[in-house]
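Trainee: Handing you this structure, nothing more for now.
The values are calculated or read from the model by the stated rules, or taken from the named source; none is laboratory data. Note that the structure is predicted; figures quoted are calculated from it, not measured. Using ideal geometry, Cβ is built from the backbone for each residue, glycine included, and neighbour counts are taken over all protein chains shown. Accessible surface is based on the protein model in full, side chains and every heavy atom, while ligands, DNA and RNA are left aside. Shrake-Rupley method; radii C 1.70, N 1.55, O 1.52, S 1.80 Å.
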Amino acid sequence: AQKVTQAQTEISVVEKEDVTLDCVYETRDTTYYLFWYKQPPSGELVFLIRRNSFDEQNEISGRYSWNFQKSTSSFNFTITASQVVDSAVYFCALLNTNAGKSTFGDGTTLTVKP
Amino acid sequence: NAGVMQNPRHLVRRRGQEARLRCSPMKGHSHVYWYRQLPEEGLKFMVYLQKENIIDESGMPKERFSAEFPKEGPSILRIQQVVRGDSAAYFCASSPTTGDQYFGPGTRLTVL
């Protein structure tokens, strides 16, 4: 069975603060993908990043960075210098490439106050 | 290349009515997945289909829910005799193989 845990239900920060969203996963598969999605108040899912289980390189994209640690089964997401527009629900997901279905965490609601 | 399309975007039904949700995958994608997001929760897998075949329906409620992906036309998620607890956002995703998923904008179902 697969499981994705986002232990932080809600996080509130003040603009320009850095914030890290945690994601811990469980799977027996050796090949899988990890994702982060943003869900703004409008409700759609915005794809942020995909990570292959064989690629543990950390990635940076503008103010966003991701830390994939296979040894601790974690895939954490950091927003640097947060902005009000970053306010949203963020989901971490695990894709079983053999079965085809994704398992989502329950999401972390990030509120960035001006 | 248009993304995954879902319609309607919003659907209101009274208890006991039927709801039909449509998903048109991206061009060239033959795999379709349906997920349900209840209020304040994450997305939960419902069903995985390929053309004319249901591959995995382990997340589908046993009664009132059905899904199809015909040879021609969109994938349909059908909910019969809707109840208030069916109110949720229903997301469709498609992929060319099982290696990735592209999500549609979702259909928000409200049952009165």
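Trainee: With within 9 Å of another protein chain (Cβ to nearest Cβ), open to solvent by 20 Å² or more (accessible area, probe 1.4 Å) and out of contact with any helix residue (DSSP H, G or I) (no Cβ under 7 Å at 6 or more places or on another chain) as the only criterion, which of B:E18, B:E40 stands out?
Mentor: Matching residue, one of B:E18, B:E40: B:E40.
Trainee: Is there a residue being at pLDDT below 90 and surrounded by 15 or more Cβ atoms within 10 Å (Cβ to Cβ) anywhere in segment A:63-76?
Mentor: no
Trainee: Moving on. Return yes when A:N98 is exposed (fewer than 13 other Cβ atoms within 10 Å of the Cβ) and within 14 Å of chain B (Cβ to nearest Cβ) and no when it is not.
Mentor: Considered against the rule, which asks whether it is exposed (fewer than 13 other Cβ atoms within 10 Å of the Cβ) and within 14 Å of chain B (Cβ to nearest Cβ), A:N98 comes out as yes.
Trainee: Quick one: in segment B:90-108, of everything that is buried (at least 20 other Cβ atoms within 10 Å of the Cβ) and touching a Lys or Arg at 6+ places or on another chain (Cβ under 8 Å), which residue is nearest to B:K51 (Cα to Cα)?
Mentor: Across segment B:90-108, the extreme among qualifying residues is B:F91.
Trainee: Restricting attention to segment B:77-87, which residues are assigned to a strand (DSSP E or B) and either buried (at least 21 other Cβ atoms within 10 Å of the Cβ) or hydroxyl-bearing (S, T, Y) (or both)?
Mentor: B:L77, B:I79
Trainee: Let me ask something else. Quick check, is A:L48 open to solvent by less than 50 Å² (accessible area, probe 1.4 Å) and more than 10 Å from chain B (Cβ to nearest Cβ)?
Mentor: Answer is yes for this residue.
Trainee: Of these, A:V89, A:V84, which one is within 26 Å of B:E41 (Cβ to Cβ), surrounded by fewer than 16 Cβ atoms within 10 Å (Cβ to Cβ), touching a residue at least 40 places away in the same chain (Cβ under 8 Å) and hydrophobic (A, V, I, L, M, F, W, C)?
Mentor: A:V84
Trainee: Take B:V47 and decide whether it is within 13 Å of another protein chain (Cβ to nearest Cβ), part of a strand (DSSP E or B) and not acidic (D, E). Give the derivation first.
Mentor: On the way: within 13 Å of another protein chain (Cβ to nearest Cβ): yes; part of a strand (DSSP E or B): yes; not acidic (D, E): yes.
It is true that B:V47 is within 13 Å of another protein chain (Cβ to nearest Cβ), part of a strand (DSSP E or B) and not acidic (D, E).
Trainee: For segment A:1-30, which positions are within 12 Å of chain B (Cβ to nearest Cβ) and open to solvent by 50 Å² or more (accessible area, probe 1.4 Å)?
Mentor: A:A1, A:K3, A:T5, A:T9, A:E10
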